[in-house]
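Just below is one structure, and these are the notes that go with it.
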Amino acid sequence: MQTKQTPWWKRFLRASWNQLKRLNHRFLLTHWLIIIVLLITLVSVTYLTVVAKTAHVRDLESNLSRSTVIYDQNGTQAGKLYAQKGTYVKADKISPDIANAIISTEDRNFYHEHGFSVKGYGRALLLAITNKLTGKNQISGGGSTISQQLAKNTFLSQQQTLSRKFKELFISIEIENIYSKQQILTMYMNNAYFGNGVYGVQDASRKYFGMDADELPVQDAAVLAGMLQNPSNNPIDHPEAAKERRNVVLQLMADNKKIPQSKVKYYQSLPLGTKDTFTVGNNYKYPYYFDAVINEAINKYGLSEKAIMNNGYKIYTNLNQQQQQSFQTDFKNPNLFPQDAADGTKVQAASVALDPKSGGVQAVVGGRNKDVFRGFNRATDIKRQPGSTMKPLAVYAPALENGFKYDSELVNKKLSYGKNHYTPKNINDVYTGKVPMYQALAQSLNAPAVWTLDQIGVNKGYEAVQKFNLPVTKKDDNLALALGGLSTGVSPQQLAGAYTAFANQGKLTKPFYITKIVDSTGKTIVQNEGATPSQVMSKDTARQMTSMMLGVFDYGTGTTAKPAGYQVAGKTGSTEADSSTDADATRDKWIVGYTPDVVVATWEGFDSTNAEHHLENLSGTGVNSLFKHQMEQILPDTAQTQFKVQDSATMVAAKRSRTNKITATNSSEWMQKAEELNQKLLNRGSNLTDKAIEKARSLLGF
C-alpha cells in the first residue's frame, strides 16, 4: 500500500521551525527578544514620565482659572486672550446635577479609578491595531476618563494617534497625583466645550438656558452633559437632536442612581426651554497688536498658541492705547484712502509706530479688512519694494559717512551705467546738470541718487542697508538699490525700524512688542527691555540726514503730508505698476516720518496689482492724507521733543547770509584802507609840491 506523501509546504514549515529552534537554542533569541521588549518599554515609560513631569500639571488649576491679560506700556490692562476658556466658577457655584450628569455619561467609574480605564485602553489598543492593518494612522475612540479628557484638552492636540493616547495616560495619572477628584471634575467642567464658541458650564448655562450654572435643573444639566460628545447638537442649532440626547443622558443618570428611575419619564417630557443671555466681552479690542504679541511670544520665546491663550499669563507690552485707538479709527475712515477699484476691491494699507529710543512698537494696524484671529498683518508680513524711502539708507547716509556734505553738489544728468546701460530717470524727466544733496533728497530725484551711489561704491550702500537690518541679498548689490529695487522687499515694521537710527542720533533699535511675561503662579518667565541699540552711523551723519529729511515735508515730496503745527522728518516713496499701461499707475506708496519721540511708517497699495488694481500717482490724497491725520493725532500725546537741527535749506540760507556779510565786511575794510592810503599819497604829494614851488621861487629870486 502506497503511503500518502506530506505536502511540500508542511515539510517547509516543519524544517523552518526546527531550524528556528536550533538558532534559538544556540543564540538565545527568546532571551534577546524579551530584553529588547523590556528595553523599549523602559525607554517609552521613561519618555512618557518625563512628558508628564514637564507638562506643568501643578500649574493647571491656576492656568485654567485665569485669562491671559495684555498690559500696555504703563502697566494698564489693555485686553484679554482666551480660546478654550470661559467664565471660571468654583465647585460650589456649579449645580450637583451637572456633575452627576457628566459622570453618568462620560466616566461612571470616575471616583474608583486613578486617571485611566483598563477596559478603555484595551478597546483603544484593539482599534489601533485594526486601523493599522486597514491603513488608518489614527485611533477611533478609546473610552477616555474625565482626567484623560482634561489632559487632552489642556496639554495635548486633538490628533487621534496612539502616541497621543499614551501621553494622555501619563499626564492624567500626574493630574490624579496632584489634584483631588473634586478639583479635577471642576477643572473639566470649566474647560469643556459646549458649541457656539462657548467653554465651561457657566457660560453654557447662560448661552442655552439664561441662568447661572448653580441654578440649572436636572433636565437642563442633562442637555449640557449630552453635548460633550457632539457640541453641534446643542438646543439652539439642533433642538430635536439635543432633546433626544438629553433623554438618553437622563436614563444613564437613573442607571447610575443619580436620579430616581420614577422621575425619568417626567424629566424627559419637559420642553427644552432655551434662553440665550450670554454676552461676549470685547477683550480682543486691538486685534493686530494682540496678534503680533502672540506671534512674538511663539517665535521668540517658544510658547505655544494654546499655552498663550489658556495659561493665564500676564503679558506686558509697549502698547500705547491712545495711538493704537487712533490708528484703528483712521483705518475705518474711507475719506483717508483712495477710491476702491471698479470691482469694489479696497486699497489696502498698513501702519506701525515705534519708540526710536527702545524700538518698542506702540501701535500697529495691518489692513482694512475684517479682523481674523492671527490673520495676515501687512505691517509685519508684506514684502514690498520700498521705492525712494531707500535713498536715505542706501545712498545719502553712507555718502555723508564717506566725505559728502548735505549741500554737496551732485550730478543731475541722464546717464547710463555699466555693461547693461542702466539709465535711471527723474520722475519729470528734467535734469539740471547739478543739484545740492539736500534738494536731491527732498525732491526725490533719481539720477543724482544713482550717481552718488556709483561715486561711493555700490558695496558701501549695500553694507549700509545691511546695518539698517533690512533684508537684502547679493542680488541687491547693484545700482538699482539706490531706488529701492530689492529682490524680496520690506515690511512697514522693518522700514520703521531702519529709520529709528535717524531719530536716535545714529543708534538703530530693533522693533519688539513684549517687555515681560509672568505666568499664572507669579513667576517672571520673560524679561525684555529691548536689544542694545547699535551705532550704525555717526551722530553728525544722523544730524545732517535729519536736516535734509525735514525738507521732505517743508518743501519736498511730502508737503501735503506734513502735520499742522509740527516738524517732521522722513521720506516718501513709490513704485511703478509694471502690469499697467497707465504711465501714472503706482504699485506701492510709502511715507515714513519721525520726530525724536516716534517713528511712523505707512504703506498703501493693492494686495495684487494689475491693470484694474493699482494706485494713481497720488498728490495730496491717499497715503499723504492718512499719514498727516495719524501724526496730528499721535504727536500731541508724545513728549514733543524738538529737533536740534534746522532743515538744510534754512541752514544753507544762513550759511550764504554769513558769507555775504563777511564779503561785505571785507570789502568795506579794503575800501577804508584804500581811501586812507590815497589820502596819505595826496597829503604827501601836496607836501612835495609845496617844497618844489618854494625851491623854485628861491632860485628865481622871488
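Taking the stated definitions as given, is residue 292 out of contact with any Phe, Trp or Tyr (no Cβ under 8 Å at 6 or more places or on another chain), at pLDDT 95 or above and at negative phi? Working first, answer last.
Details: out of contact with any Phe, Trp or Tyr (no Cβ under 8 Å at 6 or more places or on another chain): no; at pLDDT 95 or above: yes; at negative phi: yes.
Judged against the criteria, residue 292 is not a match.
Could you give every pair whose Cβ atoms fall below 7 Å, whose first residue belongs to the range 197-218 and is in contact (Cβ under 8 Å) with a residue 60 or more places away in the chain, and whose second residue is among the basic types (Lys, Arg), counting only separations of at least 6 or pairs across chains?
Pairs found: 198/207; 199/85; 209/275; 210/275; 213/93; 214/93.
Given the conditions (1) modelled with pLDDT of 95 or more; (2) crowded, with 24+ Cβ neighbours inside 10 Å, which single one is not true for residue 168?
All conditions pass for residue 168, except number (1).
Mind checking whether some residue in the range 209-225 is among the charged types (D, E, K, R), touching a helix residue (DSSP H, G or I) at 6+ places or on another chain (Cβ under 7 Å), assigned to a loop (DSSP other than H, G, I, E, B) and surrounded by fewer than 24 Cβ atoms within 10 Å (Cβ to Cβ)?
yes
Within the range 177-208, how many residues turn out to be buried (at least 19 other Cβ atoms within 10 Å of the Cβ) and closer than 29 Å to residue 50 by Cβ? Spell out the reasoning first.
Kept after step one, since they are buried (at least 19 other Cβ atoms within 10 Å of the Cβ), are these residues of the range 177-208: 179, 184-192, 194-195, 198-208.
If we keep only those that are closer than 29 Å to residue 50 by Cβ too, we end up with 179, 184-188, 190-192.
Here the count works out to 9.
Of the residues that sit in the range 431-446 and are of a type outside the set (Val, Ile, Thr) and surrounded by fewer than 24 Cβ atoms within 10 Å (Cβ to Cβ), which one is nearest to residue 483 (Cα to Cα)?
Here is the first cut: in the range 431-446, the residues of a type outside the set (Val, Ile, Thr) are 431, 433-434, 436-446.
If we keep only those that are surrounded by fewer than 24 Cβ atoms within 10 Å (Cβ to Cβ) as well, we get 431, 433-434, 436, 439, 443-444, 446.
Values: 431: 17, 433: 20, 434: 19, 436: 18, 439: 16, 443: 13, 444: 10, 446: 7 Å.
It comes out as 446.
With (1) closer than 19 Å to residue 203 by Cβ; (2) modelled with pLDDT of 90 or more; (3) open to solvent by less than 30 Å² (accessible area, probe 1.4 Å); (4) out of contact with any strand residue (DSSP E or B) (no Cβ under 6 Å at 6 or more places or on another chain) as the list, and residue 103 as the residue in question, which single condition is left unmet?
(1)
Within the range 497-521, can you find the residues that are modelled with pLDDT under 95 and not acidic (Asp, Glu)?
So the first thing to find is which residues in the range 497-521 are modelled with pLDDT under 95, and the list is 519-521.
Across the range 497-521, the qualifying residues are 520, 521.
For residue 285, which of the numbered conditions (1) touching a residue at least 40 places away in the same chain (Cβ under 8 Å); (2) in a loop (DSSP other than H, G, I, E, B); (3) touching a strand residue (DSSP E or B) at 6+ places or on another chain (Cβ under 6 Å); (4) open to solvent by less than 60 Å² (accessible area, probe 1.4 Å) fails to hold?
Condition (4) is where residue 285 drops out.
I'm checking my understanding of the structure. Among residues of the range 403-430 that are touching a strand residue (DSSP E or B) at 6+ places or on another chain (Cβ under 8 Å) and among the hydrophobic types (A, V, I, L, M, F, W, C), which one is least open to solvent (accessible area, probe 1.4 Å)?
Within the range 403-430, the match that is least open to solvent (accessible area, probe 1.4 Å) is 410.
Answer yes or no as to whether residue 253 is over 30 Å from residue 376 (Cα atoms), open to solvent by less than 40 Å² (accessible area, probe 1.4 Å) and at pLDDT below 95. Spell out the reasoning first.
Values: over 30 Å from residue 376 (Cα atoms): yes; open to solvent by less than 40 Å² (accessible area, probe 1.4 Å): yes; at pLDDT below 95: no.
It is false that residue 253 is over 30 Å from residue 376 (Cα atoms), open to solvent by less than 40 Å² (accessible area, probe 1.4 Å) and at pLDDT below 95.
Please give the helices (runs of 4 or more DSSP H) falling wholly within the range 1-78 in which 1 or more residues are under 36 Å from the mean Cα position of the chain (by Cα) and either surrounded by 12 or more Cβ atoms within 10 Å (Cβ to Cβ) or charged (D, E, K, R) (or both). First the steps, then the outcome.
Values: elements: 8-27, 29-53, 60-65.
Passing ranges, in order: 29-53, 60-65.
Is one or more of the residues making up the range 481-490 farther than 20 Å from residue 385 by Cα, open to solvent by less than 30 Å² (accessible area, probe 1.4 Å), assigned to a helix (DSSP H, G or I) and touching a helix residue (DSSP H, G or I) at 6+ places or on another chain (Cβ under 9 Å)?
no
The values are calculated or read from the model by the stated rules, or taken from the named source; none is laboratory data. Everything quoted here is computed from the prediction, not taken from an experiment. We place every Cβ from the backbone using ideal geometry, glycine too, and count neighbours over all the protein chains shown. Quick note on the areas: whole protein, heavy atoms, side chains included, nothing else; ligands and nucleic acids left out. Shrake-Rupley method; radii C 1.70, N 1.55, O 1.52, S 1.80 Å.
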